[in-house]
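All of the numbers you see were taken from the coordinates with simple rules; none came from a lab. Values in this document were obtained by computation on a predicted structure and should not be read as measured data. When we count neighbours, we look across all protein chains shown, and the Cβ atoms used for this are built from the backbone with ideal geometry, even at glycine.
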Amino acid sequence: MFAKTLLGASLLASMTILSSAALAQTIGFSQIGSESGWRAAETTITKQQAEKRGIDLKFSDAQQKQENQIKALRSFIAQGVDAILVAPVVATGWDAVLKEAKEAEIPVILLDRMVDSDKDLYLTAVGSDLVHEGEVAGKWLVDDAAGKECNVVELQGTTGSSPAIDRKKGFEQGIAGAANIKIIRSQTGDFTRAKGKEVMESFLKAENGGKNICALYAHNDDMAVGAIQAIKEAGLKPGTDIKIVSIDAVPDIFQAMAAGEANATVELTPNMAGPAFDALKAFKDNGTMPPKFIQTESKLYTQKDDPAKEYEARKGLGY
Amino acid sequence: MTVVSSQSQPLLAAVGLSKTFPGTRALDGVDFELRAGEVHALLGENGAGKSTLIKCLTGAYRRDGGDILLDGASIDPRDTQEAQRLGIGTVYQEVNLLPNLTVAENLLLGRQPRSFGLVSRRETNRTAREMLSRYGLAIDVARALDSYSVAIQQIVAIARAVSLSGKVLILDEPTASLDRDEVRMLFDVVSSLRAQGLGIVFISHFLDQVFDISDRITVLRNGKLVGVREAATLDRTQLINMMLGRELSEETRDRGRGGFDYAQAPRIAFAGTGRAGVIAPFDLSIHRGEVVGMAGLLGSGRTETAELMFAAAPRDGGTVTKDGTPLKLASPRDAIAAGFGFSPEDRKTSGIIGDMSVRENIVLALQARQGWMRPVRLSRQREMADDYIRRLGIRTPDAEKPIGQLSGGNQQKALLARWLATNPEFLILDEPTRGIDVGAHAEIIRMIEELCASGMSLLVISSELDELVTYSHRVVVVRDRVHVAELIGEEITTDSIVAAIAKPSPVQEAGT
Amino acid sequence: MNGTLARFARRIAPQLITLAVVVAMIGIVFPGFFDISIANGRLYGSPVDILNRGAPVALLAIGMTLVIATGGIDLSVGAVMAICGAIAATLIVEGYSLPATLALSLGAGLLCGLWNGILVAVLGIQPIVATLILMVAGRGIAQLVTEGMIRTFSHDGFASLGSGNLLWLPTPVVIWICAGILATLIVRRTALGMLIEAVGINRRASMLAGVNARLLLVTVYMVSGLCAAMAGIIVTADIRGADANNAGLFLELDAILAVVVGGTSLLGGHFSLIASLIGAMIIQAINTGILVAGFPPEFNLVIKACIVLAILVLQSPALQGAAILFSRAKGQP
């Protein structure tokens, strides 16, 4: 009985090795869910990237539950996939399942979010540097203001969330040293369009009908889109009277940029899978160990970057 | 057991007790004295100050003036728990125990015997059995309290109160929902407690019971003491006189109703109406200007009959006709549309809308029948309310007072007004005189007679047989969920009704 | 007649005083608060913002007041907002006409209310549980409708419902004031209000008095659904997009709070729509006040909680009793 099992297991193992060498790769992807447009776009792009590389992607939607993700990972391990991508829903509680993957010699790559486990337990993590994103936005404003006095109002993300903290910190780093740029008001807009609009209305009232405000920095594009409407309704021209810079690069902000109502956005790329697949290929082909954190590019888009075309390219991704 | 010389020092005494609420002086210098080893009845119309006095004695209210002496020492209980510790226990009409716990747990809650720090169920049950055996009650104490009748629950409540306090026991309307035998059982318990030297305060609307059990009687009226009498020296008329402060026309005895003409076709006729497990199918017809009384013990199926007739509960079948035409009765709304009215037994939960004004309570049924699109104009509502308040003698400062703040009798009159406003042809009154004071009682009986004289058909359910004898043209007797007898005209006496309720099959003998 | 008016004034006095105090407090921390000008053909200023931003909660409070008066509660209104907003945005993007879009999304709100009403009145499920079902499922339904993204539209007619002007006021202000007046008239000029209160105080007794309690319950939940649909449409029109994740999120709690601040008991019974609407404005005044005051956002919720606590303590029966005693003691020499 025991011998039979052993035989079966080794047979399975050898078949796995065989297939990984000769046939197309099979990679499991455990996604958090589809709580936001960005997340949906990440799923779409991951699938596109896999298809482009001829990878057989096994996709599992965890619907915001860690237990579902752990189940998915165990099932990937049992199936003997070549690698696992996981966008972890929470940071803790991954040690056991990551060890199981390691014992099965299946490399795991974290996408977009980190975990609190030992770094040996995963191959690498692909993600964006939130502080860096803020910094890019800040630097753009420093360049754009070109030394002129500029009062900035800031729409923060949900109070206490790590994107809100890091993007605020990054922006402040970006404008450090530019004495002409001052943040005069900062309030949370909860990452939503509606709150972005409501808070912007109050900023305009509080700052002399908006005449004191030179620029708006929003922690995400949705809040910026809401704020743009508030500025328009106050009789001002967004993009001209008040400069708008925000983060994420969702399709709607490109539409606003195309209309001249927004000035710049910093991309949080949904393409985390591309760099992950590249690192994996290098590791499989010649054993190159990737760094433990692969930072995606925080690309700056402005009105010069043909926003209309960017909008068309993105609108089908599920944002 | 200590023997207290009953004459020298009272067990519990209130001296010049006063309590004022905004707008009313509920107690005005009242003296009250309870001896050890006596049953002392406390009587008075609603609003006389009985419950305020009790609440002051048991710590539910703090007194404004006067003193309370227990064994000669002044006490000032801050809450009922403290009064209980001092020795004053109370049992209310609505048993205030936990119905889903066992009898034993209810008896010993908070002081269950423990072994190794854990509650010992066996020990609890044993102690409980012992406690109840003193009351001649041998029941399974491990069963839930609500699996027993109200009478037994009442006795369990008494046992708990006595074991906790042990000097004074206050019984507030303990017999209101008990039948004859159960009252007997309760009184046996009370008598034995009296023999043990407890002082017992007994509050009841049933004068017969008061005379039955009490040694002395204290009467209050409008917050003042009227007098204290030995029960043996007092007769019924004198007592009512003390309570009302006026002569009541000798208990409105029979005034010689003529025979009713049954040749005419009935107005409303129920045939084969019933519901499995609730009430056996019955035929019942009511004529114009007729009062049909319904008698039976509690739980015999009287209230169920009324609910079925008003379509407040589902029926299994049968037909209903009004003046020969079949009626479709699927809900109270249908019944009301057909000219029915129903004043239920439980005023508080099924009758009044407590937080609403007297005016709104009076117009409610009329308004519901007219539908929400056709509101009764406010001026008309006021007219109606004032009119009924005057006609029925509803005692309220004005029509806007929330009905929940009126006394039981006045609530009952307002409910009657609610139905009179719809000008019904057939009115069902379930226990219209329960729990209300003597004055209102007589007025409601007078009203029933007036309504019937005006041509209305009435079905009146009552536990007071004297009352049924007074106004009924016919009396239907219900026993064990079956309509067992129908008494007509001269056949109706308290004795014949009791016989029908008690005898196995009086129907054939009575020869309906 | 005068007595009725005096009673009404007494009823809403605590709410009006509270609103005045809150507004005065904002005036102290932000002196520019009362500046009102006319810009772009409408009144412009922070007080107008309060009326405008308070529109969703005010609309929800209308339905919520009626539901609470029957002794129920409707937790699903926030989710219903999301559903109806999602449907409206999707239909307008698909090219439906504005009237058809509005009719269908308001109809969806009524349908949601019908669902709640049937669970509560026919199946006898406790309101808090019954409406919890749609509260949880509703956001999911809204996401299915928008396919998980923010459904952006560019239809000026529809957008004007959220950000347009009417009679020198933002359109949402006109909508909620009209809805409030209409609801008050319907409830108080007909017998509806009284019957609702009767059912809320004692459902069994009302039924035995011939009140069609079941139909009445279904109706109030449908009204609540309709109000939520209007609120959802306004929010969607305002930001020119349906945000299934965030539209109306936690707004059911603000609506309940508005009703409570408006002095209607959660146990059911007597209610005042006007007082609830003032309650909604009190809550929005607090929100707007915090925004213009310029405190760090970490303090937002704490400040709001403290003010609401103060209001509820001042309105508590214990304190009111003390106030009556105090005034009487002062009044009598």
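Considering only A:57, A:231, A:108, whose Cα is most displaced toward the positive end of the charge dipole of chain A, charges sitting on Cβ of Lys, Arg (+1) and Asp, Glu (-1)? The one lying farthest along the dipole's positive direction is A:57. If a/c stays under 1.5 just call it rounded; otherwise compare a/b with b/c (prolate if a/b is bigger, oblate if not). Do that for the stretch A:163-319, with a ≥ b ≥ c from the square roots of the Cα gyration tensor eigenvalues. In terms of gyration-tensor shape, prolate.
Here is the list for the stretch C:203-301: chymotrypsin sites (Phe, Trp or Tyr not before Pro) lying in DSSP coil, each with at most 10 other C-beta atoms within 10 angstrom of its C-beta, are C:250.
Given a Förster distance of 45 angstrom, what is the FRET efficiency for residue B:232 paired with residue B:82, based on the Cβ-Cβ distance and rounded to 0.05?
Numbers: r = 36 Å, r/R0 = 0.79.
Step by step, r from the Cβ atoms, then E = 0.80.
In a GNM of chain A with a 10 Å cut-off on Cα contacts, which of A:291, A:270, A:307 has the highest mean-square fluctuation? With Cα springs under 10 Å in chain A, the top fluctuation among A:291, A:270, A:307 is at A:291. Just grab the label-to-label distance for residue A:91 and residue B:323, each label 7 Å out from Cα along the Cβ direction, in nm (one decimal). Placing both labels 7 Å beyond Cα along the Cβ direction yields 8.3 nm. Among the chymotrypsin sites (Phe, Trp or Tyr not before Pro) found in the stretch A:159-213, not one is both in a DSSP coil and sparsely packed, with 14 or fewer other Cβ atoms within 10 Å of its Cβ.
Bridges between two residues of the protein assembly as shown, per DSSP, are antiparallel at a rate of about 40%. Using a/c under 1.5 as the rounded threshold, could you call the stretch C:47-316 rounded, prolate or oblate? The axes a ≥ b ≥ c are square roots of the C-alpha gyration tensor eigenvalues, and prolate needs a/b larger than b/c, oblate otherwise. Since a/c reaches 1.5 but b/c is at least a/b, the shape of the stretch C:47-316 is classed as oblate. Unpaired cysteine residues in the protein assembly as shown (no second Cys Cβ under 4.7 Å): B:56, B:452, C:84, C:112, C:178, C:227, C:306. A Cα-only calculation for the stretch C:187-320 places Rg and Dmax at 17.9, 57 Å.
How big is the gap, in Å, between the Cα center of the stretch C:115-168 and the Cα center of the stretch B:94-142? Spelled out, the Cα-based centre of one part sits 54 Å from the other.
Directionally averaged projected area (the stretch B:351-422, Cα convex hull): 4.2 nm². Per residue, the Cα convex hull of the protein assembly as shown amounts to 260 Å³.
A simple charge model with +1 on the Cβ of Lys and Arg, -1 on the Cβ of Asp and Glu and nothing else charged puts the dipole of the stretch B:351-422 at about 220 debye relative to its Cα centre.
Nearest 5 percent is fine: what portion of the DSSP beta bridges confined to chain B is antiparallel?
On the way: 41 of 75 bridges.
Counting only bridges with both partners in chain B, antiparallel ones make up about 55 percent.
Chain B: percent of C-alpha pairs farther apart than 30 Å? Roughly 54 percent, once rounded to a whole number.
Between A:263, A:212, A:271, the GNM of chain A built on Cα springs shorter than 10 angstrom shows A:212 fluctuating the most. A straight line joining the Cα centroids of the stretch B:368-432 and the stretch C:31-78 runs 40 Å.
Of the residues A:175, A:184, A:109, the one that moves most in a GNM of chain A with alpha-carbon contacts below 10 Å is A:184.
Taking square-rooted eigenvalues a ≥ b ≥ c of the alpha carbon gyration tensor, is the stretch C:36-115 rounded, prolate or oblate, where a/c under 1.5 means rounded and, failing that, a/b exceeding b/c means prolate? Before the final figure, lay out the partial values.
On the way: a/c = 3.01, a/b = 1.18, b/c = 2.55.
It comes out oblate by the Cα gyration axes.
Name the trypsin sites (Lys or Arg not before Pro) in the stretch A:171-219 that are in a loop by DSSP and that have at most 14 other C-beta atoms within 10 Å, would you?
Working: sites: A:182, A:185, A:193, A:195, A:197, A:205, A:211; in loops: A:211.
Counting only loop positions with at most 14 other Cβ atoms within 10 Å, the trypsin sites (Lys or Arg not before Pro) in the stretch A:171-219 are A:211.
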